[in-house]
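K.L.:
Let me give you the structure first, and then I'll get to my questions.
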Amino acid sequence: MDSIVIGAGMVGVSTALALQERGHNVVLVDRSEPGRETSYGNAGIIQTEAVQPYVIPLSIPRLARIALGNAHDVAWKPTTMHHWLSPLARYFWSSLPANYGKIVPHYAKMILRAADDHAPLIAASGADEIIDKSGFIQAYRTAKGFDGAHADARGTLADYGVPFTALTGAELAKLEPSLRVTMEGAIHYNAVWSCKSPGELVKRYAALFIARGGQIETATATSLTQSGASWTLATDKGSFSAQNAVVALGPWAPHFLKPLGYRVGMIYKRGYHQHFETETAPSRPVMDVDNSTVLSPMKAGLRVLTGAELNSVEGEPNYRQIKHSAKIADELFGIGAAVEDTPWRGARPCMPGMLPVVGKAPKHEGLWFNFGHGHQGFTLGPTTGRLVAEAMRSE
């Protein structure tokens, strides 16, 4: 092997495929099967409309609601503050207009090419039947919220060419006839793709990697060490050596890289989902923006997803947000029994500077990073995987 990729989520699998395409002999290593961690639990949306990363709200009323624990978009626990307070302060700095304005153009370049980078992998892996191209709807309950979103959508259309259709409440009801609540309006990002089984899409990509001659090992990585021009990954099932090692471990990257001298400040935005039986699901992903709830039709049922909870990777769960989102889902479309007894939870790996960490490690030859994608690892996996592969070959 000349390359080891550590982490088999969407980012890691896509990186392995991109390296393989450029002639690398690659082994992909993860403690779980491909697509079973954070890449499994998202809304399944390839968010080519999301050209602007999430910011910390700068309005005093919104910050007060978050601080008091009254917000649905962001929750937090005082006992976990030591995990995220320092990087969150730097994230706040990145959210200031002057700094944010420098970040968005770089972020947007990646987002805008995401569907084009997914497309050949979807086709080659035979995953077309789990991909839906009817868009993504962000719905608003107030005129003020809708008017602000409409202005923002016009701005992203002008600046980045992101297409959309603005819908009145009546037009939304016609597009989604199962909707039980009259909304003030909605933005339909009609060029966005979604997936009816995100974990399965990662597995399809992994199967493509194997079919093309790749090797996948299910093993728990314990250490990564350099000897001369070679890297050795020790695991509970043996060791693997190669000239290059790519760390694509998402929220686990900071802990894994610490012995190598890298201090990675990361914010862990916990997200929850639960599937419900329903006969009246939306025909495409729908977000009730005012309640920070996303409803995404999946093969397993209607996936109900929450906003963000500031927590550690393995911190104790807090089901307040998912209970609220399930209530909203029932109000909007009507839901039946939960498919699984316990809601799923996972941590979005968010960097203080909002951009993912992609490229050559600054202290070591042959060590490469591809992590910290925040909310968009599922979207950006093939894009940043390609960027790492190109950088490794000095393209």
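The values are calculated or read from the model by the stated rules, or taken from the named source; none is laboratory data. Fair warning: this is a prediction, and the values are worked out from it, not measured in the lab. As a convention, Cβ positions derive from the backbone with ideal geometry for all residues, glycine included, and neighbour counts pool all protein chains shown. Each accessible area value is taken on the protein alone, full model and side chains, heavy atoms only, with ligands, DNA and RNA left out. Shrake-Rupley method; radii C 1.70, N 1.55, O 1.52, S 1.80 Å.
K.L.:
At 1.4 Å probe radius, can you tell me the per residue accessible area of region 1-121 in Å²? Intermediate results must be reported in sequence, preceding the final value.
P.N.:
Working: 5350 Å² over 121 residues.
Value for region 1-121: 44 Å² per residue.
K.L.:
Let me ask you something else. Straight-line reach only, C-alpha to C-alpha below 21 angstrom: list the lysines that LYS258 could link to, leaving out same-chain residues fewer than 8 apart.
P.N.:
LYS269, LYS360, LYS363
K.L.:
Which whole-number value in Å² is the accessible area per residue of region 230-276, probe 1.4 Å?
P.N.:
Details: 1790 Å² over 47 residues.
Result: 38 Å² per residue.
K.L.:
How large is ³J(HN,Hα), in whole Hz, for each residue of region 22-30 in order, when computed from phi with the Karplus curve 6.51 cos²θ - 1.76 cosθ + 1.60 and θ = phi - 60°, using x for Gly and Pro?
P.N.:
Per-residue couplings from phi come out as 9, x, 7, 8, 10, 10, 10, 10, 7 Hz.
K.L.:
On the accessible surface of the chain, probed at 1.4 Å, how many percent belong to carbon and sulfur atoms?
P.N.:
Working: 9030 of 16720 Å².
Of all accessible area on the chain, carbon and sulfur atoms account for 54 percent.
K.L.:
Quick query: amide H of ARG348 versus all other amide H atoms, modeled in the peptide plane; which residues come in under 5 Å with a sequence gap of 5 or more or a different chain?
P.N.:
Residues meeting the amide H criterion: LYS269, ARG270, GLY271.
K.L.:
Please list the non-local residues whose amide H lies under 5 Å from the amide H of THR142, H modeled 1.01 Å from N, same-chain partners needing a gap of 5 or more.
P.N.:
GLU184
K.L.:
For the chain, what does the relative contact order come out to in percent, with C-alpha contacts under 8 Å and a separation of six or more?
P.N.:
Across the chain, relative contact order equals 27 percent.
K.L.:
Whole Å is fine, so just give me how far the alpha carbon centre of region 308-357 lies from that of region 180-224.
P.N.:
Region 308-357 and region 180-224 have Cα centres spaced 17 Å from each other.
K.L.:
On to the next question. What is the antiparallel percent of DSSP beta bridges lying wholly in region 193-267, to the nearest 5? List each step's numbers first, then the result.
P.N.:
Details: 11 of 12 bridges.
Counting DSSP beta bridges with both partners in region 193-267, the antiparallel share is about 90 percent.
K.L.:
For region 210-317, which GluC sites (Glu not before Pro) pass both filters: DSSP loop (anything but H, G, I, E, B) and at most 13 other C-beta atoms within 10 Å?
P.N.:
Working: sites: GLU217, GLU277, GLU279, GLU309, GLU314; in loops: GLU277, GLU279, GLU314.
Within region 210-317, the qualifying GluC sites (Glu not before Pro) (loop, at most 13 other Cβ atoms within 10 Å) are GLU277, GLU279, GLU314.
K.L.:
Could you pull out every residue, at least 5 positions away or on a different chain, whose amide H is within less than 5 Å of the one on ASP132? Hs are placed 1.01 Å off N in the peptide plane, and Pro or chain starts have none.
P.N.:
Under 5 Å from the amide H of ASP132: SER194, CYS195, LYS196.
K.L.:
What is the local net charge at GLU129, summed over the other residues whose Cβ is closer than 15 Å to its Cβ (Lys, Arg +1; Asp, Glu -1)?
P.N.:
Details: positive: LYS133, LYS196, LYS203, ARG204, LYS299; negative: ASP128, ASP132, GLU200.
Computed value for this residue: +2.
K.L.:
Could I ask something else about it? Among 27-34, 377-384, 233-240, how do they line up by average Cβ neighbours within 10 Å per residue, starting with the highest? List each step's numbers first, then the result.
P.N.:
Working: 27-34: 20.9, 377-384: 28.0, 233-240: 14.9.
So the peptides 27-34, 377-384, 233-240, ranked by packing, come out 377-384, 27-34, 233-240.
K.L.:
Which ³J(HN,Hα) values in Hz, rounded to whole numbers, follow from the phi angles of region 221-228 under the Karplus curve 6.51 cos²θ - 1.76 cosθ + 1.60, where θ = phi - 60° and Gly and Pro get x?
P.N.:
Taking θ as phi minus 60°, the curve returns 6, 10, 7, 10, 10, 10, 9, x Hz for region 221-228.
K.L.:
In Å, what Kirkwood hydrodynamic radius results for region 85-137 from the alpha-carbon pair distances?
P.N.:
Numbers: mean 1/r = 0.0710 Å⁻¹.
It works out to 14.1 Å.
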